Amino acid sequence: MTQSIDFTAHMKSSRLIARVSLVLVGTITFVLASAIVRGFVPWPEEYGLRAKFDYFASHKDEFDIAYVGSSRVFRSIDPLIVDAGLRERGITARSFNLAVGGMTGFESDHLLKAALSLQPKRLKVIVLEDQPWDASSYFLGNTFSSRSIFWHSPAETWLALKSVFASETTAAKKMALSWTHLRLCAMKSFAIGEGPRIVLDRLGMSRDPLRRALSEDQLSSGAGFQALDELIAGEFADWRKNLLARTDEFTAIVAAIPAQNAAPVDLANYNFAALESQNDAVVDVGARLVRILPPGSEGQPEALELGRRGSFPKLLDYNDPARFPAYFQLDWRFDLHHLNRAGAEDLSRRIAADLAPLMRGAN
Amino acid sequence: MLFNEARFFVLFAIAFLVYWTLRTNGPRKLWLLLCSCVFYGAWDWRFLGLMGLSITLDYGIGRALAATPTERSRRGWLVVSICANLGILAFFKYYGFFVDSAIEFLQALGFAPNPRTLQIVLPVGISFYTFQSMSYTIDVYRRGLAAVKSFTDFALFVAFFPQLVAGPIVRAVDFIPQLHEKRWWKDVRVRACLVLFLVGFIKKACLADNIAPTVDTVFKDPAAFDAAANWIALVLYHVQIYCDFSGYSDMAIATAGLLGYRLTLNFDFPYLASNIAEWWRRWHISLSSWFRDYLYIPLGGNRRGRWRTYLNLYIVFILCGLWHGASWNFIAWGAFHGTLLTLHRAWSDRDRADTRSSPLANVSKWTLTTLFVLWGWLIFRGEGATKTLTMFHIQTGLDSGGATSLSAWWLALIAGGLALHMLARRGVMRRPIESLPDWGFALAYGSAWALTLPWMASGYTPFIYFQF
């Protein structure tokens, strides 16, 4: 037997409106209460992210230049040397290295915008590592790490989804990646699974042994920089051993960079919206965005192509073995991907020279 | 797809809205059947075929039973149904176990059999839907239920997604009449269903899933932990399995309820039981009552004398253990409970006049029951006979155990959980929830979810530093 059982048919429109209103009240309450809970979620502590941001936040009006990016920026730019180089050129400036190991493009963007939201008064230049807006492949084993959840704000997730759909991959993979990003955004928005971290943080008990990659003193005296030479222990020691054991491979990697840089690039699918939003955020606080390619282990043709387009933020390119051969030799390398202290000191002096004209313009 | 997965919420929201927007029962049932296929296919679409085979077989046998007048033929159809259902179950669930056990047995006798066996994937929920489907043919055979005419109705009875993968095991006699009932939105107890779903979610996602890693660590290497840690881990497993299973059942009942269907109560505060028979009347009720009605009573139940009753109990509980999984520890667990029930039965037969119910006697009975249920879980969960015995020896002081301890906070949490369990049984929260005005309930429910999700075991993984 079948019956006409439309649940709206015997419900007056006023009752239907009342029920929909109740659903809305419940949903809004849920969203608002989640926002309150989210306010208690501590920043990820891994590899000093929280420590660096906290330090920057508490000294936000003291810095003229900030460096943002991955370990290639963290381990390669010594703000004290840049400041000294600028001073030699008659420019008084103080800079801070806000870069953190393992940063990817979207995470850097999120960190940068969080730093800018503090409205730092003196900031004139942001030196940001040029990383691809690649939301499709860089999760590796970190998909559900707190670092990965951390940057999935609705705005950042939207940029990531645009990148996913612009990428050249299968429709099935795009759907799977989009779902992953949406899940991460939900985890961030509703603080899913963050209860233990909130409580431990409130009790002053961190479970993460890597909480303080840099102590308060180190942050203060080193302005956020730390050379890898000072970390000959644990996983970092293995990186060094890898380089020394694979010198032939390193030579081959370096030799391949020029060809990679010269490879043709199609920017048709580039996430210009993300880049523009980043630039606008920097301009809004009265600063200027400078993009940087530190010496690395692979070519960056997309960044170089963007650099050739005059309308985009200035690009400082040091990832060129022909122009900067010393950065690609064992003497100035800590491992396959990073400079050692000597390399970082030289690069910092060079950055000071390249930033001086920009700082004069900013002053 | 599990109820605590994000994609379930998306599927259910779509299923719910379309279901209640459809005007008649026929399209609604088709829609629910489609949603059930999506729900099951999300795990592995290939096994939809196996479930389809089971459904088609029992539907056809049901029709044949209705059309066959002679008892002999009817019995023949029933045998075909039981053999086919148990054959499918045996092949997919027990084939590897029996072959491996036979090989071990032959090796122990000095033979050298070829150890190559077929690796078979266990289809999710096969034990549940097979028993459900079998109950239908048995009921039709017994003339307790008319054979279903509509294939859609029968398919929906077996595949109904709220109870498909983890029960409760629904009886045809309870469910199929519901497929013909008028279904009105106004009859849905929305508030009760929403609260039950949240309670189930908290049990499953916030309690069971968070306890699991600690339990796993101790059971994996009990010798590394001290006696207190071994006890705490066992009690935590006691909590984990209850929260996991009853939480899932709560969510299943609530989900079905929001679609206007009633499912069987599956757990009734079993950990407050004061004897083992009562425990089985409260634990996984849909399974224990299935075994009672379709196996224990047909075997003669308690009508053929004391010793036959004991034998029947043993048979039923060994098979009940085997139902839980293809492993010797489940069979041992079933035999252990068969022994406990036999002893309880013998004790009750001797001392029927014993109606003492002083508080001290009640606490003693509860403690003793809980202790044996705990040791039952040790057999059930233990990772092999050696580790199970090691854990038992450490707990009872026969072995000193390791130096590693577990935090004493666990004891406080367990005590808190027990107190909540007792308060929940008294229904202390029911009246305040029912007395809330609609807008107050909406506010409270939204807030409750916001406070629950941070405690969900989210699969958080530490950040691994690759050389970016």
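Values as computed for the structure displayed
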| read-out | value |
| --- | --- |
| Cβ-derived FRET efficiency at R0 41 Å, B:GLU383 paired with A:ALA155, nearest 0.05 | 0.30 |
| The protein assembly as shown: antiparallel DSSP beta bridges as a percent of all, rounded to 5 | 10 |
| Eligible aspartates and glutamates near A:LYS174 by straight Cα distance, threshold 16 Å, same-chain separation 8 or greater | A:ASP134 |
| Expected-Rg normalisation [2.2 N^0.38 Å, Cα atoms] applied to region B:258-399 | 1.15 |
| Cα centre as origin, Lys/Arg/Asp/Glu Cβ charges: region A:1-129 dipole, Debye | 440 |
| Rg/Rg_ref, region A:182-329, where Rg_ref = 2.2 N^0.38 Å and atoms are Cα | 1.41 |
| Cross-link pairs beyond the 21 Å C-alpha cut-off, checked among A:LYS124/A:LYS162; B:LYS29/B:LYS186; B:LYS93/B:LYS149 | A:LYS124/A:LYS162; B:LYS93/B:LYS149 |
| Whole-Hz couplings from phi, Karplus 6.51/-1.76/1.60, listed for region B:379-392; x for Gly and Pro | 5, 5, 9, x, 8, x, 4, 5, 5, 5, 5, 4, 4, 4 |
| Helical contribution to [θ] at 222 nm, DSSP H n ≥ 4, -39,500 (n - 2.57), averaged over the protein assembly as shown, rounded to 500 | -19000 deg cm²/dmol |
| Gain upon complete extension [A:MET205, A:ALA57; 0.36 nm per residue less C-alpha separation] | 51.1 nm |
| Whole-Å distance, taken between Cα centres, linking region B:297-346 and region B:138-184 | 28 |
| Straight-distance crosslink candidates among lysines, where the alpha carbon sits under 17 Å from B:LYS220 and sequence neighbours closer than 8 are dropped | B:LYS387 |
| Average other protein chain Cβ within 10 Å of Cβ, residues B:436-449 | 5 |
| Loop-located trypsin sites (Lys or Arg not before Pro) in region B:320-422, at most 15 other Cβ atoms within 10 Å (DSSP) | B:ARG352, B:ARG356 |
| Cα gyration tensor of chain B - equivalent ellipsoid semi-axes, whole Å, descending | 35, 31, 25 |
| Highest average packing first - B:186-195, A:121-130, Cβ atoms within 10 Å | A:121-130, B:186-195 |
| Calculated P(r) tail over 31 Å for chain A, as whole % of Cα pairs | 41 |
| Per-residue mean of C-beta atoms belonging to partner chains within 10 Å, peptide A:26-38 | 5 |
| For a label point 7 Å along the Cα-to-beta-carbon line of B:ASP349, residues of region B:265-306 with backbone N under 15 Å | B:300-306 |
| Point-to-point label distance, B:SER364-A:VAL20, nm (Cα→Cβ direction, 7 Å offset) | 6.5 |
| Residue-by-residue Karplus 3J(HN,Hα) for region B:415-422, coefficients 6.51, -1.76, 1.60, Hz, glycine and proline x | 4, x, x, 5, 4, 4, 4, 5 |
| Segments B:287-299, B:70-82 sorted - mean Cβ within 10 Å per residue, highest first | B:287-299, B:70-82 |
| Paramagnetic reach from B:MET429 in region B:1-25 [backbone N under 14 Å; point 7 Å along Cα→Cβ] | none |
| Average other protein chain Cβ within 10 Å of Cβ, residues A:185-198 | 5 |
| Qualifying trypsin sites (Lys or Arg not before Pro) for region A:243-320 [loop in DSSP, other Cβ within 10 Å: at most 15] | A:ARG246, A:ARG309 |
| Estimated dipole of chain B in Debye, rounded to 20 [Cβ of Lys and Arg +1, of Asp and Glu -1, Cα centre] | 1660 |
| Simple Cβ-charge dipole of the protein assembly as shown, Lys/Arg +1 and Asp/Glu -1, about Cα centre, in debye nearest 20 | 3820 |
| Order by protection proxy (mean Cβ within 10 Å, highest first), peptides B:405-415, A:340-350 | A:340-350, B:405-415 |
| Cubic angstrom per residue, convex hull over Cα atoms of the protein assembly as shown | 230 |
| Pairwise centroid distance, computed over Cα atoms, of region A:21-93 with region A:151-169, Å | 21 |
| Selection from B:ALA415, B:TYR237, B:LEU50 lying farthest towards where the dipole of chain B points positive, charges on Cβ | B:LEU50 |
| Aspartates and glutamates with Cα under 19 Å of B:LYS204, excluding same-chain neighbours fewer than 8 positions away | A:GLU194, B:GLU5, B:ASP216, B:ASP244, B:ASP250, B:ASP268 |
| In Å, descending, principal axis extents of the Cα set of region B:144-279 | 60, 32, 29 |
| Amide hydrogen neighbours beyond the local backbone of A:ARG333, cut-off 5 Å, H modeled | A:ASN340 |
| For region A:97-105, Karplus couplings with θ = phi - 60° (6.51, -1.76, 1.60), whole Hz, Gly/Pro x | 8, 9, 6, 9, x, x, 5, 10, x |
| Gyration tensor verdict on region A:63-172 (Cα atoms; rounded if a/c is under 1.5, prolate if a/b is larger than b/c, oblate otherwise) | prolate |
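Read-outs throughout are calculated quantities, based only on the coordinates presented, and are distinct from any laboratory measurement. Just so it is clear, the model here is predicted, and its values are computed rather than measured. Glycine also receives a Cβ, built like all others from the backbone with ideal geometry; neighbour counts cover every protein chain displayed.
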